[in-house]
Amino acid sequence: MKDPVTAPTGITYDRQSIERWLDMGNATCPVTNTTLHAENLIPNHTIRRMIQNWCVENSSHGIERVPTPRIPLTPREASEILSSISSAAHLRDGERFLELTRKVKSLAKESERNRCCLVSNGAPSVLAYAFRVSAGETLEVSAEALAAMVALLPFDDEVAVSESGSSESLDSLARILKYGDIGSRLDAVLIVNKVAASSRVFAKAVVENRTIVEALAEHVVKPISTQATKASLVATFYLLSSEEAVATEFVNLGVILPILEILVDSDKSMVEKALAVFNGLLNCEEGREVACRNALTIPVVAKKMLRVSEMATEFAVSALWKLCKSCGAECLQECLQVGVFQKLLLLLQVGCRDQCKERATEMLKLMSGFGEKLECVDTVDFRGLNRSL
């Protein structure tokens, strides 16, 4: 235990454990089976002091003292803070606004219970409204409102998304992406991601803001952090899914080569996101032309088939299918040389979704005329191949 609390039944639990039990839909004390609510839990200071004393006595064994937990935020306190934020934003009281948004951010990061309490009391929509009306304020004011909103993620609040997707908010996000510090720019990318993922309407609104599109591309071309790059790739994927015409803009901003470099040596999550965006960029003719001219394209994308995940394989097959359909014999021959033919056969044997299967089958038919080019095979990909005895 780190934060012991006692239920009305007299049983003491660790706060995080019993609250998780209650959040799972249980409404009873696990020991006595009597009705139990989170607000009825009382901190057990005696046991907490015993735990802390034991930690001190055993510090020589590398045990650290458990810090004294702070009292969790109550719904009433959350409502009062959020009401004050709305008032400060409406009155343009920048100093008070900064104080309150920083307090919300601190409370949200202090514990998961505080974050959930703030979210359930409408904090995302209040902060999104404050962010919109503070569009004309200093960059610091907008950045702090944004940071407080990000501290509440994940949340499902349609009002907050609507406020964040307004033209004023998008302009503020663009300003932060262009002039903010590294932390603020990351926060802005995360909120753009949230807005773009919510609906095609908001995604198209983001597309219309060229500064945001340029900033997303820049986070891929000149990454400031792994998290920012991943968030930018996800946001870019949603934008490409909602408006295919934006693919040309991203291609012209030079994102294809950096994405191929990401594919060479990145973790599973990053590779999946990069392949998803790369596949989307190939929906435009410019994207296919740039990809076909790059010597890395076919070998790098083919290498990710059957190596990363089912999702990555499907994006890789889709990308190669688009390139082969567009670039013709040269691309087909290169696919054969790097062992794509054999990988597609294996993919059809192990199974995949219908669209992926159709594209794999079509590629096999297209490559069948180059049978003599099948010497180069990466045998490591055939360990799972079932052979008849």
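The values are calculated or read from the model by the stated rules, or taken from the named source; none is laboratory data. Quantities reported herein were computed from a predicted structural model and do not represent experimental measurements. Here the Cβ positions follow ideal geometry from the backbone for every residue, glycine too, while neighbour counts run over all protein chains shown. The accessibility values were calculated without ligands, DNA or RNA, using every heavy atom of the protein model including side chains. Shrake-Rupley method; radii C 1.70, N 1.55, O 1.52, S 1.80 Å.
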(Q) Against the conditions (1) in a loop (DSSP other than H, G, I, E, B); (2) in contact with a strand residue (DSSP E or B) (Cβ under 6 Å, 6 or more places away or on another chain), where does Asn26 fall short? Just the number, please. (A) (2)
Q. Can you pull out the residues in the stretch 250-261 that are part of a helix (DSSP H, G or I) and either without any contact (Cβ under 8 Å) to a residue 40 or more places away in the chain or among the aromatic types (Phe, Trp, Tyr) (or both)?
A. Phe250, Val251, Asn252, Ile256, Leu257, Pro258, Ile259, Glu261
Q | Exclusive hit being modelled with pLDDT of 90 or more, crowded, with 23+ Cβ neighbours inside 10 Å and under 25 Å from Asp23 (Cα atoms), set Ala108, Ala143, Ala128 | A | Ala108
Q: Mind listing whichever residues of the stretch 164-208 are assigned to a helix (DSSP H, G or I), among the small types (Gly, Ala, Ser) and either at pLDDT below 90 or buried (at least 24 other Cβ atoms within 10 Å of the Cβ) (or both)?
A: Ser164, Ser169, Ser172, Ala188, Ala196, Ala197, Ser198, Ala203, Ala205
Q.
Ala247 - would you say it is among the small types (Gly, Ala, Ser), in contact with a Phe, Trp or Tyr (Cβ under 9 Å, 6 or more places away or on another chain) and buried (at least 21 other Cβ atoms within 10 Å of the Cβ)?
A. no
Q.
Considering only residues that are outside any helix (DSSP H, G or I) and open to solvent by 70 Å² or more (accessible area, probe 1.4 Å), which ones fall in the stretch 30-43?
A. Val31, Asn33, Thr35, His37, Ile42
Q) Cβ-Cβ below 8 Å, separation at least six or inter-chain, first residue in the stretch 351-370 and acidic (Asp, Glu), second open to solvent by less than 60 Å² (accessible area, probe 1.4 Å): which pairs? A) Glu362/Trp321
**Q.** Boolean, Ala88 is at pLDDT 90 or above, open to solvent by less than 60 Å² (accessible area, probe 1.4 Å) and in contact with a Lys or Arg (Cβ under 7 Å, 6 or more places away or on another chain)
**A.** yes
Q) Are any residues in the stretch 73-107 small (Gly, Ala, Ser) and under 22 Å from Thr138 (Cβ atoms), and if so, which ones? A) Ser84, Ser86, Ser87, Ala88, Ala89, Gly94, Ser106
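Here is a yes/no grid of residues against (1) aliphatic (A, V, I, L, M); (2) surrounded by 12 or more Cβ atoms within 10 Å (Cβ to Cβ); (3) modelled with pLDDT under 80:
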site	(1), (2), (3)
Gln333	no, yes, no
Leu336	yes, yes, no
Gly339	no, yes, no
Leu346	yes, yes, no
Cys352	no, yes, no
Gln355	no, yes, no
Glu362	no, yes, no
Leu366	yes, yes, no
Val380	yes, no, yes
Q: State which residue is nearest to Leu186 (Cα to Cα) when the search covers only the stretch 209-223 and only residues that are open to solvent by 50 Å² or more (accessible area, probe 1.4 Å) and not in a helix (DSSP H, G or I).
A: Pro223
Q) Inside the stretch 44-66, can you point out the residues that are among the β-branched types (Val, Ile, Thr) and either more than 21 Å from Glu112 (Cβ to Cβ) or open to solvent by 70 Å² or more (accessible area, probe 1.4 Å) (or both)? A) Thr46, Ile47, Val56, Ile63
Q) How many residues does the stretch 224-244 hold that are among the charged types (D, E, K, R) and buried (at least 21 other Cβ atoms within 10 Å of the Cβ)? A) 1
